[in-house]
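Take a look at the structure set out below.
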Amino acid sequence: MSHIAVLRVVSKLLIPVILLFALYVQFHGDFGPGGGFQAGVIFGSGFILYALIFGTAVARRVVPAAITRIALAAGVLLYGGVGVAGIVLGGQYLDYSVLADDALAGQHLGIALIEFGVGLTVAAAMITIFYVFAGQDRGPEDAEQ
Amino acid sequence: MIGGHLPVLLVVLPLMAAPVCVVVRRPAWAWTVAALASWGAFVAALGLLLQVLEGGPISYPIGGWAAPWGIEYRLDLVGAFVAVIVSAIGGIVVPYARSSIEREVAADRIYLFYCMYLLCLAGLLGIAATGDAFNLFVFLEISALSSYVMIALAQDRRALTVAYRYLIMGTIGATFYLIGVGLMYMMTGTLNMADLAARLPEVAETRTILAALAFLTVGICLKLALFPLHLWLPNAYTYAPSVVTAFLAATATKVAVYVLIRVYFTIFANVDVFEAMFLREVLMALAVVAMLSASAIAVFQTNIKRMLAYSSLAQIGYMVLGMSFATLTGLTGGIIHLFNHALMKGALFMAMGCVVFRLQVASLDTIEGLGRRMPATMAAFVVGGLSLIGVPLTVGFVSKWTLVLAAIEANMWPIVVAIVGSSLLAIAYVWRVVETGFFRPTPEGAPAVAEAPLSMLIPTWLLAGACVWFGIDARTTLSVARQSAAFLLGSGP
């Protein structure tokens with residue numbers, strides 16, 4: 001669809017806004033409606049829009065499957081790691097209060113990190129699912145090369 | 001310091017090792033990560049069992065939020081025992097998996113197998129550790145979703161269809177469980193199991209709670225494949241990679257039985273579900289039908305993995321039967337059979353995995369005279385088979401003896417007849433394999449095969465040896481099972 005100028009121009013205008021909105025939902029999530037899951041879906045949809053308009057081959061150059069694979073794992077590891085940090089710093093698993101000097105700041109930091117982990121994994125998962133469906137003829141593995 | 005965090009480390013270790021497998025990606029490294037994590041989980045589970053035996057149930061508030069508001073991990077004797085079973089099987093299966101998976105799963109997907117295996121392990125251990133009814137649902141889904149993927153990883157294309165069918169049935173089961181939890185939450189406003197137990201008696205007579213109990217029972221029975229909700233199981237076990245079958249057969253259905261025990265004896269501890277709501281009659285009837293019909297079907301199978309899958313259905317009947325007595329001896333029999341059946345089915349499926357490793361398929365036609373070419377593998381099968389029948393000096397005898405005692409105590413002689421009848425059918429199907437494997441001549445032109453590699457034989461024999469060891473000296477296992485049963489039947493959680 002990359003030959004239709006209107007689509008190309010509009011999507012180029014929209015994608016930065018989508019990504020920015022995703023970041024807003026992400027970082028606003030600990031005090032207002034939103035959070036990692038929603039932000040991850042919105043962030044991922046920005047890339048999916050790009051892939052729909054300019055083709056998956058170009059999108060794969062922007063976000064190769066190797067990166068989404070590592071992002072998928074990194075989000076989960078960040079989530080689990082915050083929990084383990086709670087233990088190391090002398091609290092219970094996932095106890096955010098010990099993460100900073102003051103319990104409130106610790107809770108804030110903890111939930112922000114957790115939500116970031118969720119957002120990272122969800123965005124990567126959305127993109128990966130799209131890649132796998134878009135590249136039906138080739139498996140996700142060949143696509144990486 | 002670390003001892004106090006064991007309840008959560010038990011789950012977090014495999015959970016965090018899973019994404020590491022995805023990052024490292026090389027089969028050998030992913031295997032190392034999986035092995036270290038499962039052995040670590042086994043050590044943690046053993047430590048927990050010792051702690052519980054010494055000082056009673058352990059409670060761990062996640063994030064420092066006290067129960068019943070926060071999620072509580074609560075390990076009592078039953079939970080710790082199940083965690084030890086699951087992690088021990090995991091620790092034994094991983095070394096075995098290395099060669100077997102190379103043969104049965106595409107090379108570029110091996111790391112995915114280890115990732116999924118670790119997630120499944122984390123889910124199963126989480127079910128054993130958690131004291132929160134909703135958290136249990138989450139772990140139920142983690143373990144189920146990863147097992148669908150593990151089954152679908154087999155190179156046989158039929159595995160995709162059976163994994164999909166399993167997905168549908170498993171999702172229905174999990175949804176029913178969730179509806180049941182939702183209904184209980186509606187009436188009590190709590191999700192913590194101990195808190196639920198305290199609040200349920202007030203509302204036990206309402207239709208909502210009756211519906212919740214029905215949804216929970218049907219949902220979990222789908223997961224544990226109790227007759228007539230078993231249709232997904234035989235195919236799933238037949239077409240999955242051998243390691244996956246061995247792991248799931250030895251752990252997943254056992255954990256589902258554990259969930260059922262949890263619901264009846266912890267959540268509904270203060271409500272008389274067995275007498276007042278006819279659950280005893282229903283469960284007992286279904287268990288007996290499962291024991292007899294599944295064993296009878298197993299006799300006519302030619303694919304040995306499928307035969308063992310049907311035999312698993314019968315064995316699940318024994319566990320549910322033991323539970324449905326709701327007496328000390330009966331529940332002891334059910335709980336000890338969890339452990340014993342994990343050992344024997346693990347050994348049997350792993351022996352067949354060795355056959356599949358050499359011959360691609362384990363059916364009665366391919367194993368003619370195999371006892372001479374793969375003696376160690378087939379001998380392990382015989383030990384497991386004897387256990388399945390319930391020959392004295394094997395674990396099967398211990399379970400069946402306890403169950404027979406329970407039936408006699410309850411004055412239910414027909415049940416004794418059913419147990420003996422099901423064992424006779426077990427002799428029939430095990431004998432078919434033994435006869436074909438050892439007493440038929442090797443057919444002309446049969447492929448000359450060597451024994452399976454040691455990395456597969458040693459784990460197989462470890463489990464087969466355990467079948468005999470715990471059959472001769474059942475004191476430890478029986479005492480843990482009896483204490484668990486007494487605890488469950490006692491004052492509740």
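Since every read-out is calculated from the coordinates, none of them should be taken as a lab result. What you are looking at is a predicted structure, and each value in this text was computed from that prediction instead of being measured. As a convention, Cβ positions derive from the backbone with ideal geometry for all residues, glycine included, and neighbour counts pool all protein chains shown.
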- [ ] Could you let me know the centre-to-centre spacing of segment B:44-105 and segment B:415-481, using Cα atoms, in angstrom?
- [x] 27
Task: Scattering profile of the protein assembly as shown at q = 0.05, 0.10, 0.12 Å⁻¹ [log10 I(q)/I(0), Debye over alpha-carbon scatterers] - done: -0.23, -0.92, -1.26
Task: Kirkwood Rh and Cα Rg combined as Rg/Rh, chain B - done: 0.95
- [ ] Note down the relative contact order for segment B:278-493 as a percent, whole number, built from C-alpha pairs under 8 angstrom at least six residues apart.
- [x] 29
Task: Orientation-averaged projected area, Cα convex hull of segment A:5-144 (nm²) - done: 9.4
Open item on the list: On a straight-distance basis, which aspartates and glutamates could pair with B:LYS345 in a cross-link, Cα separation under 15 angstrom, same-chain partners fewer than 8 positions away excluded?
Closed with: none
TODO: Could you please rank B:ASP365, A:ASP95, B:ASP156, placing first whichever residue has the fewest other Cβ atoms within 10 Å of its Cβ?
DONE: B:ASP365, B:ASP156, A:ASP95
Open item on the list: Can you compute log10 of I(q)/I(0) for segment B:364-493 with the Debye formula, treating each Cα as one identical point scatterer, at q = 0.13 Å⁻¹?
Closed with: -0.69
Task: Ellipticity estimate at 222 nm from DSSP helix runs (n ≥ 4, -39,500 (n - 2.57)) divided over chain B, nearest 500 - done: -26000 deg cm²/dmol
TODO: Rank these for me by crowding, A:HIS3, A:HIS28, A:HIS108, B:HIS337, going from fewest to most other beta carbons within 10 Å.
DONE: A:HIS3, A:HIS28, A:HIS108, B:HIS337
Open item on the list: Rg/Rh for segment B:1-144 to two decimals, with Rh computed the Kirkwood way over all alpha-carbon pairs.
Closed with: 1.01
Open item on the list: Tell me which DSSP H helices of chain A clear both cut-offs, 30 Å or more of axial length from alpha-carbon atoms and a mean Kyte-Doolittle hydropathy of at least 0.0.
Closed with: A:5-28, A:65-88, A:103-134
